[in-house]
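Reviewing the structure listed below.
The values are calculated or read from the model by the stated rules, or taken from the named source; none is laboratory data. Because the structure is predicted, anything quoted here is derived from the model rather than measured. Reconstructed Cβ throughout: ideal geometry from the backbone, glycine too, with neighbour counts over all protein chains shown. For accessibility, only protein heavy atoms count, side chains too; no ligands or nucleic acids. Shrake-Rupley method; radii C 1.70, N 1.55, O 1.52, S 1.80 Å.
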Amino acid sequence: MKLQVFQTALRAIYPPQCILCRTGLDRDNALCGPCWRAMPFIDGPICDCCGTPILTAGFAAANDICQTCQSHPRPWGRGRAALLYQGSAWRLVLSFKHGDRPDIATGAAQWMARAERDLVGPDTVLVPILLHWRRRLARRYNQADILAHETASLIGAKVASDVLVHPRPTVPLEIASAAERYDRLRDAFALTGRAAQKLAGRSVILVDDVMTSGATLAAAAQTLQSAQPQKIDCLVLARVPQNDYIGGEEKD
Ligand SMILES: [Zn+2]
Ligand SMILES: [Zn+2]
């Protein structure tokens, strides 16, 4: 009862709002109707490897792989994304990353949990791709870490935030081509001493906020393979549309 009184008082001070446009709502961590309808959720046929929507006729069956993933095989198994990184999704991710709005992760995790529902098993461990500590100081929080914890709490999985580290900051990738991204991210990650104990034989899902070319996820997945997980899959909040890599922002 005391908790209910507290929650009622809290709602009087902080009434629920749409997580994107701040319109008043009757529940927390949700979108209003117009923002929901404008949000580019990924629904329908996708590439099983990178989660991008597959629009080409004839590519509508399950377990299909897009042409990019066919020509550049990924060092992970399957990949899922909740949103296409454009329009409202772009605005939402920007608020989350640069607008000091960690609360957005609570709503976004519901969409991510739905996107990855066919990847999750009883031994699943989520591994967030963390920012280098210098960038984390600038942003105050680690967005992939928050997304991983919020999503894990919904699906009953564990999170291992202490297995994968960035030994050094890398050059920002905003204007790099896909080939340059891959080159700059070589050796960008390292495992900690806890990695083998936490990941060996487990189903690992790498978690990040945005997938652009996939270079960051590839570098992280290649590093994780030394810990001998049973499999590695990927989950992101938003996937940059194919052929739209320049101008997107990938992890530093
Ligand atoms: Zn709204
Ligand atoms: Zn693909």
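Within a Cβ distance under 9 Å of Ser203, other residues only, what is the Lys/Arg minus Asp/Glu net charge?
Here the charged neighbours net out to 0.
Would you mind checking Lys97/Lys158; Lys158/Lys231; Lys158/Lys198 for any pair whose Cα atoms are more than 19 angstrom apart?
Long pairs (Cα-Cα over 19 Å): Lys97/Lys158.
Using a 1.4 Å probe and ignoring any ligands, DNA or RNA, find the accessible area of Cys69 and quote it in Å² to the nearest 10.
Estimated to the nearest 10 Å², Cys69 gives 10 Å².
What net charge do the residues around Cys32 carry, taking every other residue with its C-beta under 12 Å from that of Cys32, with Lys and Arg at +1 and Asp and Glu at -1?
Around Cys32, the surrounding residues sum to +2.
So for Asp26, Asp183, what's the accessible-area order with a 1.4 Å probe, most first?
Result, largest first: Asp26, Asp183.
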